[in-house]
Amino acid sequence: MLSIIAQLETWMRIHQRQLSGKKAFLTQQIRLQGSMMTLLKEMLAAWSKT
């Protein structure tokens, strides 16, 4: 299981495209809890769809 944790303000800025998810993660505005392997699998699956 993987959980993504962030403040509501952060989610709103991502939704409004004022902040990228990548930048939010790198600046520790988003935290992840769970398996890094699960994260990598989900990212690869998402990228292969685009």
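Read-outs throughout are calculated quantities, based only on the coordinates presented, and are distinct from any laboratory measurement. Just so it is clear, the structure is predicted and the values come from calculations on it, not from any experiment. No Cβ is skipped: glycine too gets one built from the backbone with ideal geometry, and neighbour counts run over all protein chains shown.
Estimated purely from DSSP H runs of n ≥ 4, each contributing -39500 (n - 2.57), the mean residue ellipticity at 222 nm for the chain is -16000 deg cm²/dmol once divided by its residues. What you get for the chain, charging only the Cβ of Lys and Arg (+1) and of Asp and Glu (-1), is a dipole of about 140 debye around the Cα centre.
In the chain, with Lys and Arg counted as +1 and Asp and Glu as -1 at Cβ, which of these residues, Ile30, Leu8, Leu19, has the Cα nearest the positive end of the dipole, that is, farthest along it? Looking along the dipole axis, the top candidate is Leu19.
Got the relative contact order for the chain handy, in percent, Cα pairs under 8 Å and 6 or more residues apart? Across the chain, relative contact order equals 47 percent. Within the shell defined by Cβ-Cβ distances under 14 Å, the residues around Ile30 carry a net charge of +3, with Lys and Arg each +1 and Asp and Glu each -1.
Set the Cα radius of gyration of the chain against 2.2 N^0.38 Å, with N its number of residues, and you get 1.19.
Length available on full extension from Thr27 to Leu8: 0.36 nm per residue minus the Cα-Cα distance, which gives 5.3 nm.
All other residues whose Cβ lies under 14 angstrom from that of Lys49 are scored, Lys and Arg at +1 and Asp and Glu at -1, for a net of 0. Taking the Cα atoms only, what angle lies between the long axis of helix 36-49 and the longest principal axis of the chain, rounded to 10 degrees? Approximately 90 degrees, to the nearest ten.
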